[in-house]
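I have placed the structure first, in the form of structure tokens, so that the comments after it can refer back to it.
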Amino acid sequence: MVEKMKRIRKSLIVSICFLTAFVLWTVAICFVDVRAIGPQGSSVGFAGINGFVHNLTGVHWGLYNITDWLGLVPIFVCMGFGVLGLMQWIKRKSICKVDHDILVLGGFYIVTIAAYLFFESVVINYRPVLINGYLEASYPSSTTLLVMCVMPTAIMQLGRRIKSKTIRNIVTAAIITFIVFMVVGRLISGVHWFTDIVGGALLSASLVTLYYGVIKIAIVP
């Protein structure tokens with residue numbers, strides 16, 4: 001029990017550290033090296049490094065479309081765990097009897113969606129390219145946020161539910177490969193600034209480590 005509490009405390013501290021880093025990073029973007037280097041004279045912080053990376057990668061619409069469509073994968077994963085929770089609720093005739101980690105996962109999804117909606121309404125900066133002729137909010141990268149929140153928690157969930165170690169390792173490797181492809185692909189596609197990707201990764205890391213700590217509290221080993 002003592003060792004478990006240490007792990008929980010550690011994950012919560014790490015979550016706070018990531019959240020603090022995200023807040024500081026966001027504030028810095030608003031004030032450090034802010035220049036109008038985006039389309040239609042839109043400004044972005046860390047303009048030097050953002051402009052350098054964007055010019056280095058260029059814009060690849062094919063990769064953008066691929067990562068955009070693959071962004072549906074985490075959504076289907078969310079739906080899958082939602083269906084699992086609903087089936088448990090119906091079968092056990094009480095929401096209180098649904099696996100606690102599934103209930104926590106549902107709350108985690110709500111927090112993730114809330115973070116996404118917040119930054120859709122509170123615009124930190126716009127994309128480095130026009131999407132269908134319009135400027136769109138770019139920070140943090142919503143695809144990075146979605147993928148790096150949903151897929152790592154899926155690894156945790158499936159790790160508890162897949163009995164075969166071999167299959168579990170294969171699934172984990174496949175999910176990690178998917179995460180890396182999506183994040184790197186989103187950056188290389190040129191539809192986000194470098195700082196958007198970093199911001200999405202920091203916020204995701206904070207939420208996922210918080211989730212890890214909470215499920216350790218909710219689940220009796």
Qualifying positions in the stretch 109-121 - surrounded by fewer than 18 Cβ atoms within 10 Å (Cβ to Cβ) and of a type in the set (Val, Ile, Thr): ILE110, VAL111, ILE113
Filter pass, LEU146 being more than 14 Å from the chain's Cα centre (by Cα), under 19 Å from PRO74 (Cα atoms), of a type outside the set (Gly, Ala, Ser) and assigned to a helix (DSSP H, G or I): no
Only listed residue being hydrophobic (A, V, I, L, M, F, W, C) and crowded, with 17+ Cβ neighbours inside 10 Å, chosen from VAL34, VAL77: VAL77
Hits in the stretch 61-74 (condition: in contact (Cβ under 8 Å) with a residue 12 or more places away in the chain and open to solvent by 80 Å² or more (accessible area, probe 1.4 Å)): TRP61, ILE66
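Could you tell me whether the stretch 152-173 includes any residue that is in contact with a strand residue (DSSP E or B) (Cβ under 6 Å, 6 or more places away or on another chain) and of a type in the set (D, E, K, R)?
no
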Among (1) over 19 Å from ILE66 (Cα atoms); (2) part of a loop (DSSP other than H, G, I, E, B); (3) hydrophobic (A, V, I, L, M, F, W, C), the one test that VAL191 misses: (1)
Where a residue in the stretch 204-217 is touching a residue at least 24 places away in the same chain (Cβ under 8 Å) and farther than 9 Å from SER11 by Cα and its partner, wherever it lies, is assigned to a helix (DSSP H, G or I) and open to solvent by 60 Å² or more (accessible area, probe 1.4 Å), with Cβ under 7 Å and at least six apart: ALA205/PHE18; SER206/PHE18; SER206/LEU19; LEU207/VAL111; LYS216/ARG7
Subset of the stretch 122-141 that is open to solvent by 20 Å² or more (accessible area, probe 1.4 Å) and assigned to a loop (DSSP other than H, G, I, E, B) - its residue that is farthest from LEU56 (Cα to Cα): VAL122
Residues satisfying the stated conditions in the stretch 37-59, i.e. under 12 Å from PRO128 (Cβ atoms), open to solvent by 30 Å² or more (accessible area, probe 1.4 Å) and not in a helix (DSSP H, G or I): ILE37, SER43, VAL59
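The values are calculated or read from the model by the stated rules, or taken from the named source; none is laboratory data. Only a predicted model underlies this, so the values are computations on that prediction, with no experimental measurement involved. Backbone-built Cβ (ideal geometry, glycine too); neighbour counts: all protein chains shown. Surface accessibility is based on the protein's heavy atoms, side chains included, excluding ligands, DNA and RNA. Shrake-Rupley method; radii C 1.70, N 1.55, O 1.52, S 1.80 Å.
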